[in-house]
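K.L.:
Got a structure for you, written out below as structure tokens; questions coming shortly.
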Amino acid sequence: MTQGTPTSERPLRISVIGTNYLGANTAAGMAEFGFDVIGVEIDEHRLKLLNDGKAPLYEPGLDPLLKKHVDSGRLRFTKDYTEIADWADVHFICVGTPQTEGSDAADLSQVNSVVDMLAPGLTRPCLVVGRSTVPVGTAKLVEQRFQTEAPAGEGIELAWQPEFLREAHGVEDTLHPDRLVFGVETEAAETRLRQVFAQPIAEGTPVVVCNRPTAELVKGGANAFLATKISFINALAEMADAAGADVTQLADALGHDKRIGRGMLNAGPGYGGGCLPKDLRSFMARAGELGVEEVITLLREVDDINQRRRGRIVDVVHELLGAEWVGKKVTVLGAAFKAGTDDVRDSPALDVAGRIQLHGATVTVYDPEAMENARQVRPTLRYAASAAEACEGAHLVLHLTEWPEFRELDPAALRGAVENPVVVDARLSLDSKKWRDAGWTYKAPGKP
Ligand code: UGA
């Protein structure tokens, strides 16, 4: 089988379908690798932004890369599948696979609608590459649909090439990935993927070539492991509290063991975002379908620890505020699910803020980037234009997203603005000595 037109005389043509976080990074990255790229985006507002060289979300470094290649003419965006179907040699599927409402399973409707839209226009052989996070077994089904519904029939091959992009590091992770995983069934597909990723491969990025189910499991397995690490250290934070130990020092000491590693061992309000929580649940749902109960038992506890963590922070606030919450003002520093992004999907910060509000306190939130998204999700919380404004009259300040800006706050100056100088450092990353020296009661769950 050949995959698209031989390209000795022209650069590869690549389409990227779905241009939210993953797709926008993939499209810009492929243009940076030297290919001609068309991104497909059906949302008019996002389409306009992208064609102006602007990312549809806050992601450091992405705007300049998009602009560079929109200006160079190597990258453009369309909503019209007929422009890409026979044009591209390789089609990347980068649409979302959110959690299904009322179930743990992934919702594959966006992947299916890509097949609906793309297949009828594919009249010549090409490679379709899935990058979305999907339950194991999806690639095979998607390929069957393409081969049945596309005029090119068995000339369409499907590979799965999971991505490991971290929000706030998307550009770096796209251009310089720590590994490449090619889930392929033929040598032709492997060869084509090696051509697409020639640049990172030349830099020495390791490549794992495997079958498609393995590649699908790598992604789910990676996120499940990262979530497990976070819940593990958060469970140890509870032990540290009970025993008078310091979980950060514990994590540092554990992390020096290269087999353990220090990454993903920051205790705090638990993991959130658009990936880890829903991917863990989708992984469990698929394990259930496959009859592998052990995986569910293990990961259910990881998920439960994560949820309990949020409750634990509310308990600490309770201990410090006392029984009467009505009339109390709580400042929440941070709304994004982690620093460096404006993403508030399943954000522990907003969840905790909402729970405190439900207890009757008045909650004022400030975040350097995520205010607009936070307002949409939690319109009943109050929002301030700066950390200092959010702290005015507060009975308690709660640090929930680890933005550098919050570490640089001057506790002595804030001391005069608040009603009670009490800070709960749920991210365990403020300088406790500085806050205590400035007269604050400093409490961090997991630290003595
Ligand atoms: C995660 C994975 O890290 C990526 O490898 C993966 O590609 C991506 O999901 C995805 O599936 O697309 P991301 O959601 O951007 O990336 O965020 P992480 O940096 O992994 O953080 C996830 C959550 O864990 C955040 O809420 C963060 O605050 C929390 N976290 C992280 C901790 O509580 N402790 C840590 O030590 C690290």
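The values are calculated or read from the model by the stated rules, or taken from the named source; none is laboratory data. None of these values were measured; they are calculated from a predicted model. Cβ atoms come from the backbone with ideal geometry, glycine included; neighbour counts cover every protein chain shown. Accessible surface areas use protein heavy atoms only, side chains included; no ligands, DNA or RNA. Shrake-Rupley method; radii C 1.70, N 1.55, O 1.52, S 1.80 Å.
Conditions tested, residue by residue: (1) in a loop (DSSP other than H, G, I, E, B); (2) in contact with a helix residue (DSSP H, G or I) (Cβ under 8 Å, 6 or more places away or on another chain).
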position: Pro11; (1), (2): yes, no
position: Val16; (1), (2): no, yes
position: Ala24; (1), (2): no, yes
position: Gly29; (1), (2): no, yes
position: Val37; (1), (2): no, yes
position: Lys54; (1), (2): yes, yes
position: Asp63; (1), (2): no, no
position: Ala88; (1), (2): yes, no
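K.L.:
Let me ask you something else. Please specify each residue of region 309-333 satisfying the condition of being surrounded by fewer than 16 Cβ atoms within 10 Å (Cβ to Cβ) and either within 16 Å of the ligand (Cβ to nearest atom) or of a type in the set (Gly, Ala, Ser) (or both).
P.N.:
Answer for region 309-333, where residues must be surrounded by fewer than 16 Cβ atoms within 10 Å (Cβ to Cβ) and either within 16 Å of the ligand (Cβ to nearest atom) or of a type in the set (Gly, Ala, Ser) (or both): Gly311, Gly322, Ala323, Gly327.
K.L.:
So, of the residues in region 286-308 that are within 16 Å of the ligand (Cβ to nearest atom) and of a type in the set (A, V, I, L, M), which turns out to be most open to solvent (accessible area, probe 1.4 Å)?
P.N.:
Taking the candidates together, the pick is Ile305.
K.L.:
Another question, then. Can you report the number of residues in region 336-390 which are touching a Leu at 6+ places or on another chain (Cβ under 8 Å) and among the aromatic types (Phe, Trp, Tyr)?
P.N.:
Here the count works out to 1.
K.L.:
Would you check if there is a residue in region 146-164 being over 19 Å from Asn112 (Cα atoms) and within 16 Å of the ligand (Cβ to nearest atom)?
P.N.:
Yes.
K.L.:
Scan region 66-78 for residues that are in a helix (DSSP H, G or I) and open to solvent by 20 Å² or more (accessible area, probe 1.4 Å) and report the count.
P.N.:
5
K.L.:
To continue, here is another question. Within region 372-382, is there a residue that is under 21 Å from Pro404 (Cβ atoms), surrounded by fewer than 18 Cβ atoms within 10 Å (Cβ to Cβ) and among the polar types (S, T, N, Q)?
P.N.:
Checked region 372-382: no residue is under 21 Å from Pro404 (Cβ atoms), surrounded by fewer than 18 Cβ atoms within 10 Å (Cβ to Cβ) and among the polar types (S, T, N, Q).
K.L.:
Right, here's the next one. In region 334-356, what residues are surrounded by 24 or more Cβ atoms within 10 Å (Cβ to Cβ) and either part of a loop (DSSP other than H, G, I, E, B) or among the polar types (S, T, N, Q) (or both)?
P.N.:
Gly334, Ala335, Ala336, Phe337, Thr341, Asp343, Val344, Ser347
K.L.:
Here are some residues: Arg166, Arg145, Arg179, Arg131. Which one is within 27 Å of Phe283 (Cα to Cα) and over 22 Å from the mean Cα position of the chain (by Cα)?
P.N.:
Arg145
K.L.:
Do you know which of the residues in region 198-208 that are within 29 Å of Tyr58 (Cα to Cα) and away from the ligand (no atom under 16 Å from the Cβ) is surrounded by the fewest Cβ atoms within 10 Å (Cβ to Cβ)?
P.N.:
Of everything passing the filter in region 198-208, Glu203 is surrounded by the fewest Cβ atoms within 10 Å (Cβ to Cβ).
K.L.:
Evaluate the following for Gly121: is it farther than 16 Å from Leu193 by Cα, free of Cβ contacts under 8 Å to residues at least 24 places away in the same chain, more than 18 Å from the chain's Cα centre (by Cα) and open to solvent by 10 Å² or more (accessible area, probe 1.4 Å)?
P.N.:
Details: farther than 16 Å from Leu193 by Cα: yes; free of Cβ contacts under 8 Å to residues at least 24 places away in the same chain: no; more than 18 Å from the chain's Cα centre (by Cα): yes; open to solvent by 10 Å² or more (accessible area, probe 1.4 Å): yes.
Taking the combined requirement at face value, the residue does not satisfy it.
K.L.:
Failed condition for Arg179, given (1) open to solvent by 70 Å² or more (accessible area, probe 1.4 Å); (2) farther than 17 Å from Met30 by Cβ; (3) among the charged types (D, E, K, R); (4) out of contact with any Pro (no Cβ under 9 Å at 6 or more places or on another chain), with all others met?
P.N.:
Condition not satisfied by Arg179: (4).
K.L.:
Any idea which residue in region 209-232 is least open to solvent (accessible area, probe 1.4 Å), counting only those that are within 12 Å of the ligand (Cβ to nearest atom) and polar (S, T, N, Q)?
P.N.:
So the residue we want is Ser231.
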